[in-house]
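A.B. asks: There's a structure below that I have some questions on.
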Protein chains: 2
Amino acid sequence: MRIYDLIKKKRDGHELSKEEIIFFVHGYANDEISEYHAAAMLMAMFLNDLNERETVELTEAILTSGDQIDLSSIEGIKVDKHSTGGVGDTTTLIVGPLVASCGVPVAKMSGKGLGHTGGTLDKLESIEGFKINIEMDNFINLVNKHKIAVISQTKSVAPADKKIYLMRDLTATVDNMSLIASSVMSKKLASGADAILLDVKVGSGAFMKTLEDAKALAEEMVSIGKNMNRETIAVITDMDQPLGNAIGNALEVKEAIEVLKNEGPEDIKTLCIELASRMVVLGKKAENYEEARKMILNNLENGKALDKFREFVEIQGGNPAIVENLSLLPTANYHYIISANADGFITELKSEEIGIVAMMLGAGREKIDSKLDYSAGIILKKKVGDSVKKGEQIAELHYNDDRNLKVAIDRFNKAVTIKNVRPGNVELIKQIIE
Amino acid sequence: MRIYDLIKKKRDGHELSKEEIIFFVHGYANDEISEYHAAAMLMAMFLNDLNERETVELTEAILTSGDQIDLSSIEGIKVDKHSTGGVGDTTTLIVGPLVASCGVPVAKMSGKGLGHTGGTLDKLESIEGFKINIEMDNFINLVNKHKIAVISQTKSVAPADKKIYLMRDLTATVDNMSLIASSVMSKKLASGADAILLDVKVGSGAFMKTLEDAKALAEEMVSIGKNMNRETIAVITDMDQPLGNAIGNALEVKEAIEVLKNEGPEDIKTLCIELASRMVVLGKKAENYEEARKMILNNLENGKALDKFREFVEIQGGNPAIVENLSLLPTANYHYIISANADGFITELKSEEIGIVAMMLGAGREKIDSKLDYSAGIILKKKVGDSVKKGEQIAELHYNDDRNLKVAIDRFNKAVTIKNVRPGNVELIKQIIE
């Protein structure tokens, strides 16, 4: 087999066989196929598309390029949740303890944040003492005993994905449904879960800007999951404005604790209840969605979800006292207050821009090796649809380093729109694909 | 400007501006743009195509990546001829002296052969003593004095073309009209001619297999030439079977001399008269095609064309005695006779296959550094349309090294088809694009 012939085949719009896809993916992962060949192939795949079979086989080839985590020694149905990435999306910290408190084992592998989107690992590391590097044996023991543990994704999982993603990022071949879906799903599948819940974000702060695109991506990923014999459901949810009120690592941990106390912003709470209920069904701890939803609401009200969060922090070396005393979490020395420049209604809070502002304040990474300030970030005082008076607070910017402050303030102001007319209601949960 | 954005633009089917095309071509030529970026861009160009303006500007960018030869100190209108490559195509050796004998200056830069197609330089070097490395000043003096000289294309001409062509060859992005046309025309334009005659080959032994494709390519090239203010005409000619009877370097020199003696095979003679007449018109040494054709036929009959050839060989250091004594040219020690295996008519002589057989006998280069046997090659005794009796000679294979002989014989036999029905006449000159 020659890579030249495979590029030519895909260039001419023909299907690649399973063996040909494996030849390309494994060959590239093993440095046997050169970067320029990979670049040409990825552009041909991007422009001529992969069909459903090819997409499933691409996912499988990426999956088998590295180690597959064996979670079979964990009792019960392991359900994984994946979000396609958003701003202020701290759902994992809430949903994890929630479903674990219902008896569903949560054995989660997470990543760090990059650009305008945060990462679960960074949020957890903002808790003093929290350890994310745990040996696999110990990780499995923790999940068996406590129903929840979160570790850093190992480098040996889907190494082909890392190389392919980097090349796509360099050659403008990222935005293709099959390539995105296979990248996400290969890692999820390699992580060993039995069932997968996908939270596909749509809107200005998401990778998918339109509902149509989000649906297409969700369908591709659900199809891959089912083809690989994993029960898979996708929930398409709004990311036109940031989720909840907090953006930034420690700020989002605080918000997660508030939601687990059955307080906190309505939107993120609503979404977490939805996601957690679906996971409880997938984990077969409830007969149906309604029953699962009741269990979740109960455990939010009776404090069991919060207890599970405290237990989770403690077993991974973090200080459980933060749950009762939020001021033990890192706090920024400076706040800058953003005020409304007119009377009216908030009609727009551009998520991606706000995510970038948070990054500029120190909450996120511009590059892979950027240093984080766990305390930095943004607290939104108003969300889309709220009325404001001129001079009223819209948001607080939290920071220690004021290097980028002026640009950040300017950029934040441009991300907010105030108009005289009240906007229509935001539909948070748009569609379920199963 | 970032190459990423340019790849994305072309990926999405948008036009690239002149500045963007220059940024890509010159950046890649100067090693400022990486191979994987070039590979992705070329695949995007291949699949989304370039429009006429982009094709002209790509040609110009390749042209300006290196030196442009200044032939302005040569008197008269310099007319260059370019063939897209064929088997047994020795027209340059005939047409050059023919038009020079009519007063049109021929200042030709030629290349070596590769694969199944031969190169003019190799044919000339089969003449003992013939020198192709001449200083530019001396070259210009020779053309001014004798109206003809041929040198090796310098490396400083269109260096971007070499890099881009190599990458296209590696990544299956060769067969695109705009990319082919810009590659050919950038080199022609850099060589400094005032007018260009293109011989676009079509058929089994040519790059373009169908008349439709050949026409499209011819139109692209003529458009580029005109846009760059060079009078440009394309003649689309048959390459379904080899041209003339000889394939191989010294064998083709012999055939060229025969044609210049007003003998030799009809097809190659007809084509050379056509091409030479067009060049005389382009060089403004005749009012119209009919007048030019008369001049050419005259100089074939009165020996002036042959005299010019003898003069040309002598001024470049070759032995002019070969013209009177063809046996002074290299001769192979062994001949293998291919005979007809049935009565009937020759209906097919697959050019590319026959070119490969000649290469296997030593007449061509499999790789860029393969060593040539100038005496090796093939003499066809029959052409398409000829009737044969079983056992009658179809061809002679000339060789010194019998390493590949068995495979060559087998391959040659498969390239010949004999049927009971006389095939339709071959149309040698199919179309003029101007």
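The values are calculated or read from the model by the stated rules, or taken from the named source; none is laboratory data. None of the values given here were measured: they were computed from a predicted structure. Glycine also receives a Cβ, built like all others from the backbone with ideal geometry; neighbour counts cover every protein chain displayed. Please note that ligands, DNA and RNA were not included when accessible areas were found on the heavy atoms of the full protein model with its side chains. Shrake-Rupley method; radii C 1.70, N 1.55, O 1.52, S 1.80 Å.
A.B. asks: Tally Lys and Arg at +1 and Asp and Glu at -1 over the other residues with C-beta under 15 Å from the C-beta of B:R422: what net charge comes out?
C.D. replies: That works out to +1.
A.B. asks: For the protein assembly as shown, what is the calculated [θ] at 222 nm in deg cm²/dmol (nearest 500), taking -39500 (n - 2.57) for each run of four or more DSSP H residues and dividing by its residue count?
C.D. replies: -14000 deg cm²/dmol
A.B. asks: Only counting protein heavy atoms at a 1.4 Å probe, give the residues of segment B:32-68, ordered by number, whose accessible area falls by 40 Å² or more when the other protein chains are present relative to the chain alone.
C.D. replies: B:Y36, B:A40, B:M43, B:L47
A.B. asks: What is the average number of partner chain Cβ atoms found within 10 Å of a Cβ in B:252-265?
C.D. replies: Averaged over the peptide's residues, the number is 0.
A.B. asks: Take the alpha carbon atoms of segment B:210-271, find their center, do the same for segment B:20-43, and report the distance between the two centers in whole angstrom.
C.D. replies: Result: 33 Å between the Cα centres.
A.B. asks: If amide H atoms are built 1.01 Å from N in the plane of the peptide, which residues on other chains or at least 5 residues away come under 5 Å of the amide H of A:M208?
C.D. replies: Amide H to amide H, under 5 Å and 5 or more residues apart or across chains, A:M208 pairs with A:G203.
A.B. asks: Another question, then. When chain B is modelled as a GNM with alpha-carbon springs shorter than 10 Å, which of B:T117, B:T92, B:T154 fluctuates the most?
C.D. replies: Looking only at B:T117, B:T92, B:T154, the biggest GNM fluctuation is shown by B:T154.
A.B. asks: Could you tell me the center-to-center distance, by alpha carbons, between segment B:370-397 and segment B:87-106 in angstrom?
C.D. replies: Centre-to-centre (Cα) distance: 25 Å.
A.B. asks: Give the dimensionless ratio obtained when the Cα radius of gyration of segment A:201-274 is divided by 2.2 N^0.38 Å.
C.D. replies: 1.31
A.B. asks: Name the residues whose placed amide hydrogens come within less than 5 Å of the amide hydrogen of B:Q431, ignoring near sequence neighbours (fewer than 5 apart) on the same chain.
C.D. replies: B:I236
A.B. asks: With a bin width of 5 angstrom, please list the P(r) values of segment A:160-258 as percents of all Cα-Cα pairs, from the 0 bin to the one holding the largest distance.
C.D. replies: Computed distribution, short to long bins: 2, 12, 18, 18, 19, 18, 10, 2, 0.
A.B. asks: Further, regarding this structure: In Å², nearest 100, what accessible area do chains A and B bury in total when the solvent probe is 1.4 Å?
C.D. replies: Using a 1.4 Å probe, the pair buries roughly 1800 Å².
A.B. asks: Rank-order B:184-195, A:339-350 by packing density, defined as the average count of other C-beta atoms within 10 Å over each peptide's residues, highest first.
C.D. replies: By packing density, highest mean first, the sequence is B:184-195, A:339-350.
A.B. asks: For segment A:331-419, what does the equivalent ellipsoid look like in terms of its semi-axes, each the square root of 5 times an eigenvalue of the Cα gyration tensor, given largest first in whole Å? Let's see the in-between values first.
C.D. replies: Numbers: eigenvalues 117, 34, 19 Å².
Computed over segment A:331-419, the values are 24, 13, 10 Å.
A.B. asks: Can you work out the accessible area per residue across chain A, with the rest of the protein chains kept in place, probe 1.4 Å, in square angstrom?
C.D. replies: 40 Å²
A.B. asks: Same structure, new question: What does the charge count around A:V202 come to, taking other residues whose C-beta lies under 12 Å from its C-beta (Lys +1, Arg +1, Asp -1, Glu -1)?
C.D. replies: Net charge in that neighbourhood comes out at -2.
A.B. asks: Determine the equivalent ellipsoid of chain A by diagonalising the alpha-carbon gyration tensor, then write out the semi-axes as square roots of 5 times the eigenvalues, largest first, rounded to whole Å.
C.D. replies: After diagonalising the Cα gyration tensor, the semi-axes are 35, 27, 21 Å.
A.B. asks: Tell me, what are the semi-axes, in whole angstrom and largest first, of the equivalent ellipsoid of segment B:3-63 as set by the roots of 5 times the Cα gyration tensor eigenvalues?
C.D. replies: 16, 14, 9
A.B. asks: Counting only protein heavy atoms and using a 1.4 Å probe, what share of the accessible area of the protein assembly as shown belongs to carbon plus sulfur, as a whole percent?
C.D. replies: Details: 16090 of 35000 Å².
After summing per-atom areas, the C and S share lands at 46 percent.
A.B. asks: Size of segment A:99-228 along its principal axes in angstrom, Cα-based, largest extent first?
C.D. replies: Rounded to whole Å, the extents work out to 42, 29, 28 Å.
A.B. asks: Output wanted: per-residue J couplings in Hz (rounded whole) for segment B:14-26, from phi through Karplus 6.51 cos²θ - 1.76 cosθ + 1.60, θ = phi - 60°, x for Gly and Pro.
C.D. replies: After applying 6.51 cos²θ - 1.76 cosθ + 1.60, I find 8, 7, 8, 7, 4, 4, 5, 5, 4, 4, 5, 5, 5 Hz.
A.B. asks: Which ³J(HN,Hα) values, rounded to whole Hz and listed in residue order, are derived for segment A:395-412 from phi using the Karplus coefficients 6.51, -1.76 and 1.60 in 6.51 cos²θ - 1.76 cosθ + 1.60 with θ = phi - 60°, glycine and proline given as x?
C.D. replies: 7, 10, 9, 9, 7, 10, 10, 9, 3, 9, 4, 4, 5, 5, 4, 4, 5, 4
A.B. asks: Please report, in whole Å, how far the alpha carbons of segment B:313-356 spread along each principal axis, starting with the longest.
C.D. replies: Per principal axis, max minus min of the Cα coordinates gives 47, 22, 18 Å.
A.B. asks: Considering only A:S182, A:S223, A:S327, give the residue with the highest GNM mean-square fluctuation for chain A, with springs between Cα atoms whenever their separation is below 10 Å.
C.D. replies: Top of the fluctuation ranking is A:S327.
A.B. asks: When the Karplus curve 6.51 cos²θ - 1.76 cosθ + 1.60 is applied with θ = phi - 60°, which whole-Hz ³J(HN,Hα) does each residue of segment B:341-354 get, with x for Gly and Pro?
C.D. replies: 9, 6, 6, x, 10, 6, 10, 7, 9, 5, 4, 4, 4, 5
A.B. asks: While we're looking at this one, here's another question. Give me the net charge for the shell around B:L405: Cβ to Cβ below 14 angstrom, other residues only, Lys and Arg +1, Asp and Glu -1.
C.D. replies: Value of the local net charge: -2.
A.B. asks: Have a look at B:L275, B:L179, B:L297 and tell me which one the Gaussian network model of chain B (Cα, springs below 10 Å) gives the largest fluctuation.
C.D. replies: Result: B:L297 has the largest fluctuation of those listed.
A.B. asks: Give the Cα extents of segment B:179-218 along the principal axes, in whole Å, largest first.
C.D. replies: 31, 19, 16
A.B. asks: Continuing with this model, one more query. B:Y334 versus A:K406, label points 7 Å from Cα toward the beta carbon: distance in nm?
C.D. replies: 8.5 nm
A.B. asks: Quote the convex hull volume per residue of the protein assembly as shown, based on C-alpha atoms, as a whole number of Å³.
C.D. replies: It comes to 206 Å³ per residue, whole-number rounded.
A.B. asks: Still on this model: List every residue whose amide H lies under 5 Å from the amide H of A:I148, counting only residues 5 or more places away in sequence or on a different chain, with H placed 1.01 Å from N in the peptide plane.
C.D. replies: A:V106
A.B. asks: Bin all alpha-carbon pair distances of segment A:271-336 at 5 Å intervals from 0 and give each bin's fraction as a whole percent.
C.D. replies: Whole-percent P(r) values from 0 Å outward: 3, 16, 17, 17, 15, 13, 10, 5, 3, 1.
A.B. asks: Mark the label point 7 Å from the Cα of A:T347 along Cα→Cβ and return the residues of segment A:371-398 whose backbone N is within less than 15 Å of it.
C.D. replies: Once the point is set 7 Å along Cα→Cβ of A:T347, A:384-388 turn out to lie under 15 Å by backbone N, inside segment A:371-398.
A.B. asks: Still on this structure, I have one more. Every other copy gets compared here: list the nm distances from the B:I429 label point (7 Å along Cα to Cβ) to its counterparts, shortest first, one decimal.
C.D. replies: Here B:I429 shows inter-copy label distances of 7.8 nm.
A.B. asks: Turning to a different aspect of this structure: Given a Förster radius of 35 Å and the C-beta distance between A:S72 and A:D12 as r, what FRET efficiency does 1/(1 + (r/R0)^6) yield to the nearest 0.05?
C.D. replies: Details: r = 43 Å, r/R0 = 1.23.
So, using R0 = 35 Å, E works out to roughly 0.25.
A.B. asks: In Å, what Rg and Dmax follow from the Cα atoms of segment A:1-158?
C.D. replies: Answer for segment A:1-158, Rg first and Dmax second: 19.4, 55 Å.
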